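Before any comments, here is the structure.
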Amino acid sequence: MECYSEQTCALAVDGELAADEAQRLRDHLATCQRCRALVDALRAENRVLSESLNELPEEEASPAAFSPLRWSWGRGDLAILAVVLALGSIVSGWFNELDIPAALESFNPFSVSGRTNLIFQFFYYVAHGGTAMLADYAAVVGWICLLLLLGGSALLLGRRGRPHYPGLRLLIVLLALSLPSFALERRHGEFVTVAANETVDDTLVAAAKMVRVDGVVNGDLLTFGQTVEVRGTVKGDLISFAQRTEVSGTVEGHIYTFSRTLDLEGQLGHSIYGVVQSLHIDDRGRVGDGMVVAVGDVSLEGEVKRSVNIVTGGSADVSGSIGRDLTMVGRSLTLTNTARVGGNLSARVRQLTEVQIADGATIGGKRDIQVRVRESQFTSSRFYFHQAVWLAGAILVGWLGMLVFPSFFQATTQLVGSGWLSLGLGVGVLAGVPVAIVVVAITLVGFPLSLMLLSLYLAAIYLAKIWVGAFLGKILLKPSGTTKGEWLLGLLVGLLIVTIVGFIPYLGGLVHLGVVCLGLGAFACQLYWASRPAI
Amino acid sequence: MDAKRNMAKGPQPREGGSSQMEGLDLESVIERARGHDAEALGEIYRRYARRVFGLCRYMLDSRESAEDDTSEIFLKLQRSIESYDRSIPFPRWLLRIAGNQCIDALRRRKRGRQVIADVEDGAAVIEAPSSEPSPLGVVISKEERTKVRDTIARLPENYRVPLVLRYYSELSYDEIAQQLDLERNYVAALIFRAKKELRRRLPHRSK
């Protein structure tokens, strides 16, 4: 009898052969050693496959085995991220050591009980009905945190192409204004759901792994979660901080979001403002107003009544309808046959080939497609003018400083030379002072003090560069005396070097940070020495 | 019941918290979850998140998508757990839903096109010339299993997806065909070819 093919044997081993055929194969196996060996080998192979697949690695799946992140981070971004993380860990360590009064414990994001972050704690506190005055102060802290969060991410996204973000500024202001100063209902847990037959009359603050709204929220919905899903109706605004935000129901107000993905399949009364990695407006999705977003990738299949402004690090695909203008800055733009733009189309991309507009796409207004030339800042005279103004300003400030506090300025310049001590101290000051400012601000009496501290901090960051520049100039020029003139000449040379090095890609940012830390450290050190009583 | 319990991989490490649910058998947990008990749903998440995440990780190309879709699957589970009729073991049912979700995700990315396109020679099977590598060996070490896993992860989508559905989710050819909207014969051919490709990519082992 003729032997069976490998595929038939494989089917049999998978238990996918018809009963009669399987029987015939079994009969054949009884007599044919070759086929029996093949079936055994295939069976062993299946076992290997099952075992290998089922043995998930401890660290879940190892990222190296898969294609790289969709979001291709530039090294500059990674450097910023690394610095932010490093500073964050320093702050967290410092924060842990700090003896915080019990009343403020709820603001400590690193306390044992505090798995949720500072912002969560902040809203919990407000929802618990803290004293009105403290709530006011706390709101300021909350604003600062939110602004920093949004500002930082906008900067990160914006690094890809010097975008104009009037819209983002608007977002920040609106977000700040829409923070709670009114009735709140707070819910938290693993799953937070507003059932289909349920109506929440106040603003709902929901913090959970999964937040789902099937019913009606009459106020705003403020959510923090891994997944936020709105299937019912939110009469106010939706403000979401989530990995994934999905709206398949109705939001009558605006959507302010800081999410990894935002899917809109339902109706939105007004606009979307947000920082999102991946934004998708489904063909059922409808935006009553416009859109101002900074995104990784965006795909617009539904309808947007008014203008769309996109700053994207990746691609923008439009196959839906936009009532007015479409403005985008990013890598690539695709308009399919079904795309419709009522107003002007304006795009800033790196290459003209990255713009694809199908013949069937309708554009009501003008087409304005421009190629953004990278590094163009060095070719424009304005850039050099700004640098010159900055340099002149710094020299002027240095000269004034030397005039008013000559010994302090010279001694601080000297202290920059203590290297690691200054650097270490500077990192501590850079990271620690903002925390101190926040902590001081939330105590009732400390608010004015915190403002003073903040001004001093900002001034010191500015002056840091001057001291480091002066120090650099001094070791390069090796002046014989310590006259003001020589100090200023050294400052000019040093500042020039610091400024030029600062424009080296990637390295420049680190150098800049190092310079600020060195200067701050020297300043802190000098302040300490100066405050000690002279014996 | 124990067999079913064993199919669940260990608890998700980051979900360290213990609860009274932990000791309950799967049947009661499911029963309570059907009544929209958040704690029971949480327990199901704790028991199966890792396994579901594993599937998503094999099916989708980035960790973020896998994480997103894992949460999505458990979110959908709240609604769909009522439709679980106990005709098949729960883990298998859950993995079927998870597979569907992943395929939807792949489809969304391809803007609604089929994940795996049916080719003209659909059901045709290319017979193996005798010189091709033989089936993978019997006992392999942990490192080698890792290698097999990594190689599967790097296979093209049209090989990887059916292979993972068959040997990780343990779906039948018919179920895979239904999920992928393909002919059963074509699924069989894809799995067969996937294995051949895998053998080709892995260093040749003795029989």
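Nothing in this text is a laboratory measurement; each read-out follows from the coordinates by a stated rule. What you are looking at is a predicted structure, and each value in this text was computed from that prediction instead of being measured. Please note: Cβ atoms are built from the backbone with ideal geometry, for glycine as well, and neighbour counts cover all protein chains shown.
Quick notes
- Overall form of the stretch A:296-368 per C-alpha gyration tensor (a/c, 1.5; a/b vs b/c): rounded
- The residue list A:46, A:11, A:31 was ranked by how far each Cα lies along the charge dipole of the stretch A:6-54 toward its positive end, using unit charges on Cβ atoms, and A:31 comes out on top.
- Linear extension gain, residue A:27 paired with residue A:336, 0.36 nm per residue minus alpha-carbon span: 105.3 nm
- Mean projected area of the convex hull spanned by the Cα atoms of the stretch A:166-374, taken over all viewing directions: 10.7 nm².
- Where labels lie 7 Å past Cα in the beta-carbon direction, separation of residue A:353 and residue A:367 in nm: 1.8
- Taking the fewest neighbouring Cβ atoms within 10 Å as the starting point, the ordered list for A:408, B:74 is A:408, B:74.
- Look at A:31, B:146 and count the other Cβ atoms within 10 Å of each Cβ; fewest to most, that gives A:31, B:146.
- Inter-label distance, residue B:142 to residue A:197: 5.4 nm, where each label sits 7 Å from its Cα along the C-beta direction.
- Per-residue mean of foreign Cβ neighbours for B:141-148 is 3 (Cβ atoms of other chains, 10 Å radius).
- When the C-alpha to C-alpha distance is required to be over 26 Å, the pairs from A:209/A:235; A:235/A:366; B:76/B:196; A:235/B:76; B:147/B:195 that qualify are A:235/A:366; B:76/B:196.
- Cβ-derived FRET efficiency at R0 25 Å, residue A:506 paired with residue A:477, nearest 0.05: 0.30
- Nearest-20 debye value, the stretch A:6-54 charge dipole, Cβ charges on Lys, Arg, Asp, Glu: 200
- Charge tally for residue A:205 (other residues, Cβ to Cβ under 13 Å; Lys, Arg +1; Asp, Glu -1): -2.
- When each of A:447, A:191 is scored by the number of other beta-carbon atoms lying within 10 Å, the sequence from fewest to most is A:447, A:191.
- Nearest-20 debye value, the stretch A:166-374 charge dipole, Cβ charges on Lys, Arg, Asp, Glu: 840
- Remark: spin-label model distance residue B:25-residue A:3 equals 4.8 nm, labels positioned 7 Å along the Cα→Cβ axis.
- Calculated Rg and Dmax of the stretch A:6-54 using C-alpha coordinates, Å: 11.3, 35
- Count Lys and Arg as plus one, Asp and Glu as minus one, and take only other residues whose Cβ is under 15 Å from that of residue A:359; the net charge is then +2.
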